[in-house]
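S.K.: Pasting in a structure now, in structure tokens, and then I'll have a few things to ask.
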Amino acid sequence: DSFISPDTQRTAIEKYAKSKGVEVVVNEPELDSTGSKLERPILDKIMARIRFGESEGIIVATVDRLSRAGLGDAISLVEKIRAAGGKVGFADLDIDTVTPEGEFALNIWLSLARMQWRNYQKTWANARERAIDRGVFVGPTPLGFDRLEDRTLVKNADAEHVRRTFDIVGIGDVGPQMALSYLRHTFPKRQWSVTILEKLLGNRIYIGEVRHGSFVKTFPELAIVDRLSFDLAQRER
């Protein structure tokens, strides 16, 4: 619900820049980074341009496009831009954020952006829990399962290889390396590494359990290994 297309943002930014008589360079959209983080690839590049005097500041379409971090962190980001010699413009707020009144108004809008982000997070968490409760698995389909049209999982023939992998890992010190060799031999077209093996071993779906935060749902029919084998594998990880 919070998504604003890059084209819509670009139009708002260019219109605002024209009204202020400034030239803008539109950066590529930062689609894979959340505004709740202060360090983001595109934002970091813009900050570098400001520090080196290549840009005089930054314009965003809306307040929440700049930051949805906590109020203190968001204000710190604005001050960081100013300390680097840059100005901040908000296409949806035609206010002078340098004045005491403008700064006060900005603080209110940043607080609202943070509250909105937290509400979206809560809504998403509730929706995910309801989906999990219905048996919907969120994320890539784990090895040993097929995903049905309703997005629920069902075990397939590879489940036996997953079970054997856990058994091999449980042997002891040499178990993980032997398990890695077994997987590479059994599934040669897949990419296998220690990290990928660790993720497989740590996936609780193999004991029929799905977690999202403190929410836990068990699906006994999906269990491929018993709890003892799973716990032994965690120790060897």
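The values are calculated or read from the model by the stated rules, or taken from the named source; none is laboratory data. Only a predicted model underlies this, so the values are computations on that prediction, with no experimental measurement involved. Using ideal geometry, Cβ is built from the backbone for each residue, glycine included, and neighbour counts are taken over all protein chains shown. Accessible surface areas use protein heavy atoms only, side chains included; no ligands, DNA or RNA. Shrake-Rupley method; radii C 1.70, N 1.55, O 1.52, S 1.80 Å.
S.K.: ALA83 - would you say it is over 19 Å from ALA12 (Cβ atoms) and at pLDDT below 85?
M.R.: For ALA83, the condition - over 19 Å from ALA12 (Cβ atoms) and at pLDDT below 85 - is not met.
S.K.: Next up: Confirm whether LEU153 is of a type in the set (A, V, I, L, M, F, W, C), open to solvent by less than 70 Å² (accessible area, probe 1.4 Å), under 30 Å from GLN121 (Cβ atoms) and in contact (Cβ under 8 Å) with a residue 12 or more places away in the chain.
M.R.: Judged against the criteria, LEU153 is a match.
S.K.: Across region 209-237, which residue is farthest from GLY139 (Cα to Cα) among those that are in a loop (DSSP other than H, G, I, E, B) and of a type in the set (A, V, I, L, M)?
M.R.: Filtering region 209-237 down to residues in a loop (DSSP other than H, G, I, E, B) leaves 213-214, 219, 223-226, 237.
When the remaining residues are screened for being of a type in the set (A, V, I, L, M), the result is 223-225.
Details: ALA223: 17, ILE224: 18, VAL225: 20 Å.
Within region 209-237, the match that is farthest from GLY139 (Cα to Cα) is VAL225.
S.K.: Taking the options GLU56, GLU28, name whichever one is modelled with pLDDT of 85 or more, surrounded by fewer than 17 Cβ atoms within 10 Å (Cβ to Cβ) and of a type in the set (Asp, Glu).
M.R.: Checking each option against the conditions leaves just GLU56.
S.K.: Only one residue in ALA91, ALA179, ALA125 is open to solvent by less than 40 Å² (accessible area, probe 1.4 Å) and more than 29 Å from ASN203 (Cβ to Cβ), so which one is that?
M.R.: Matching residue, one of ALA91, ALA179, ALA125: ALA91.
S.K.: Right, here's the next one. Where in region 51-147 are there helices (runs of 4 or more DSSP H), lying fully within it, with 3 or more residues that are out of contact with any strand residue (DSSP E or B) (no Cβ under 7 Å at 6 or more places or on another chain)? Spell out how you get there, then give the answer.
M.R.: On the way: elements: 63-66, 71-83, 100-133.
The qualifying helices (runs of 4 or more DSSP H) are 71-83, 100-133.
S.K.: Shifting gears a bit: Looking only at region 212-227, count how many residues are among the small types (Gly, Ala, Ser) and open to solvent by less than 80 Å² (accessible area, probe 1.4 Å). Break it down stepwise before answering.
M.R.: Kept after step one, since they are among the small types (Gly, Ala, Ser), are these residues of region 212-227: 213-214, 223.
This time we only want the ones that are open to solvent by less than 80 Å² (accessible area, probe 1.4 Å), so: 213, 223.
Residues meeting the conditions: 2.
S.K.: Quick one: in region 182-202, of everything that is over 16 Å from THR141 (Cβ atoms) and aromatic (Phe, Trp, Tyr), which residue is least open to solvent (accessible area, probe 1.4 Å)?
M.R.: Ranking the qualifying residues of region 182-202, first place goes to TRP192.
S.K.: Given the criteria under 20 Å from ILE59 (Cβ atoms), surrounded by 11 or more Cβ atoms within 10 Å (Cβ to Cβ) and in contact (Cβ under 8 Å) with a residue 12 or more places away in the chain, does LEU106 qualify?
M.R.: Numbers: under 20 Å from ILE59 (Cβ atoms): yes; surrounded by 11 or more Cβ atoms within 10 Å (Cβ to Cβ): yes; in contact (Cβ under 8 Å) with a residue 12 or more places away in the chain: yes.
Here the answer is yes, as LEU106 does meet what is asked.
S.K.: Separate question: Could you look through region 159-175, keep only residues that are assigned to a loop (DSSP other than H, G, I, E, B) and open to solvent by less than 50 Å² (accessible area, probe 1.4 Å), and pick out the one that is farthest from LYS199 (Cα to Cα)?
M.R.: GLY172
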